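This report refers to the structure that appears directly beneath it.
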Amino acid sequence: MELEKIQHAEMGLNEQTPREIVEELNKHIVGQEDAKRSVAIALRNRWRSRKLSDDIKDDVIPKNILMIGSTGVGKTEIARRLAKLVKAPFVKVEATKFTEVGYVGRDVESIIRDLMQISVRMVRKQRTEEVKEKATENANERLLDILVPEPKRTQNPLSKLFGGVENTEETKTIEAEENTSNAGREFVKKRLEAGKLEEQVIELEVSDHAKPMVGMFSGSSLESMGDNLQDMISGLVPKRTRKRKVTVAAARKILEQEEAEKLIDMEEVAETALQLAERSGIVFLDEIDKVAVKGSSSGPDVSREGVQRDILPIVEGSTVMTKYGPVKTDYILFIAAGAFHTAKPSDLIPELQGRFPIRVELKSLRKEDFEKILTEPQNALIKQYKELLKTEGLTLEFQADAIERIAEMAYDVNEQSEDIGARRLHTMLEKLLEEISFSAPDMVKEGKTEINIDAAYVDERLKEIAKNRDLSQFIL
C-alpha cells in the first residue's frame, strides 16, 4: 500500500510539529511538560522516518517510552489524546491481564489483534463517510421501491405467435397503469425528500445476524483460531433474513448501512488498515510495574517474569497472525506506564528495559495544577458539572475562592493519605455537589435557577474532611 493511502487514512494530522502537538495536548492536560515533549518528538520522528530513503527507512524503529508517575497525573490521558490527535489506532491494555503461557489469562498477541480490529474500524468508518452520499441516494431509491412498488409489465404470451403484435387495448391499459404509478412515485419521492414520511411504518427485510458460535475461544491463546473458524462458518452458512416493521427514518439508516457495505471494498479496507496499524499503531501498556520482579524470581514472581518475557517479542518486533493478515510489530509505538512505588524500572528484565529507551518521570500535581485542571482544559471538571445541571435549568457559578479552596483541600488530602492525583477532584466535587445534584429539579420548581459556590460553601460541605485527617482516608 502506498504511503499516500496511509496518510489519507490518517487525514494528514501527523504533519504537526512537536510544538504544535504540545499545544494541542495543553488544551486537555495540565502540566507534565517533559512527558508531552517526549511523545511529541516520538510522533514527529515517525513522520521523519517516512521521508527517509528506502535503504535506511526500514532500519529506523520507534523509540518506545516508559512513563513513571503516580496514578491520576495524566499518563493514560497523554497517550489517549496523542492517538486521537493523529487519528492513529490506539489500544490500552493492562499488563496484569496477561500471564505466562500455561497460566490462566489472555494471550499477549491479543494486544495486536485488538489493535488491528480498531484500525479496521477506523478505516471502514472513513470509507463509509466517503460513500455516504451515494449510499443515501441508493437507500432513498430502495425506500421509494418499498413505498411505491413499480408495476410489473407482463408480455401477452399470444403476441409471440402473431409476430410480436400485442393487443392494443392491453397495451394502452398497461401504459396507463405505468403513467399513474410514475406520477404516484414522483409525488411520494417529493414527500420523502421533504421529510414528511419519516414516521410512517413500513415492512423491511433485514439480515438476521447470527450470534457468535465460537465465543468460547475469547480471551485464550486459541482466540485467533476462533476468529478464523467463525469467518469460515459464516461463509458457508447462507445469510438469513427476517421482516421488521420500522419507521422510514429507521429504515433509511439500515438501508444506508447496507448500501455503504456494497460500495466499500473490504479487501482494500483490510489492506489499508493493516498498514495503518503497522506504521501508526500505538499500544499503551499500563501497570507495567505490577509485573516487575524484585530480586530473585520465586513463587508468583515466576509468573510475573513470564509475562515480561511474553510481552518482549511483541515489543522487540515480531509477526502476529490476525484474521486480516500478518501484522509486523516492528514499527508500532509502545508506551509503558506505571507508578513504580514498590518496584523500580530496573526491576524489569534487562531485555525489556532496553526496549524502552525514553524514560519520563511525571510529577505529582500541586495546588496550582489542581486549580488549572478544574477550569482550563476543554473538558474541565467544573465545565462538565455546569453543563450537567444546566439540563435541569439550574445555573451553577463557582467563585474564585471556591476553586482555590477545592484545589487546596485536594492537595492536602493527597499529601495526607494516598496520592491519587487528579482523580481526587472527582470524589471531592461529587461530595461537594451531592445535595445540589439531588435537589436540582425541586429547586427549579421553587423558582431557584442560580447557585453560587464560594469558599464558605466548600468548607461547610467538606468540613469533616478538612478537620479530620484520619476520616479523609475513608471518605476519599
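The values are calculated or read from the model by the stated rules, or taken from the named source; none is laboratory data. Bear in mind the structure is a predicted one, so any value in this text is a computation, not a measurement. With ligands, DNA and RNA removed, areas are computed over all heavy atoms of the protein, side chains included. Shrake-Rupley method; radii C 1.70, N 1.55, O 1.52, S 1.80 Å.
Computed with every protein chain present, the accessible area of Arg48 is close to 110 Å² [probe 1.4 Å]. Residue order by solvent-accessible surface for Asp330, Asp265 is Asp265, Asp330, largest first, with ligands and nucleic acids left out and a 1.4 Å probe. Only protein heavy atoms count here; under a 1.4 Å probe, Thr96 has an accessible surface of about 70 Å². Once all protein chains are placed together, Glu418 keeps about 120 Å² accessible to a 1.4 angstrom probe.
Protein-only accessible surface at a 1.4 angstrom probe places the residues His28, His341, His426 in the order His341, His426, His28, largest first. For a test of the definition: using alpha carbon positions, the gyration tensor, and the 1.5 limit on a/c, classify the stretch 28-116 as rounded, prolate or oblate. It comes out oblate by the Cα gyration axes. The length gained on full extension between Glu203 and Gln257, counted as 0.36 nm times the residue separation minus their Cα-Cα distance, comes to 17.7 nm.
Probe radius 1.4 Å, ligands and nucleic acids left out: which of Thr391, Thr17, Thr322 has the largest accessible area, and how do the rest follow?
On the way: Thr391 115, Thr17 50, Thr322 15 Å².
Putting Thr391, Thr17, Thr322 in descending order of accessible area: Thr391, Thr17, Thr322.
State the extension gain, in nm to one decimal, for the chain segment bounded by Glu133 and Lys51, taking 0.36 nm per residue of separation less the distance between their alpha-carbons. Let's see the in-between values first.
Working: separation 82, 0.36 × 82 = 29.52 nm, distance 3.47 nm.
Here the segment from Glu133 to Lys51 would lengthen by 26.0 nm.
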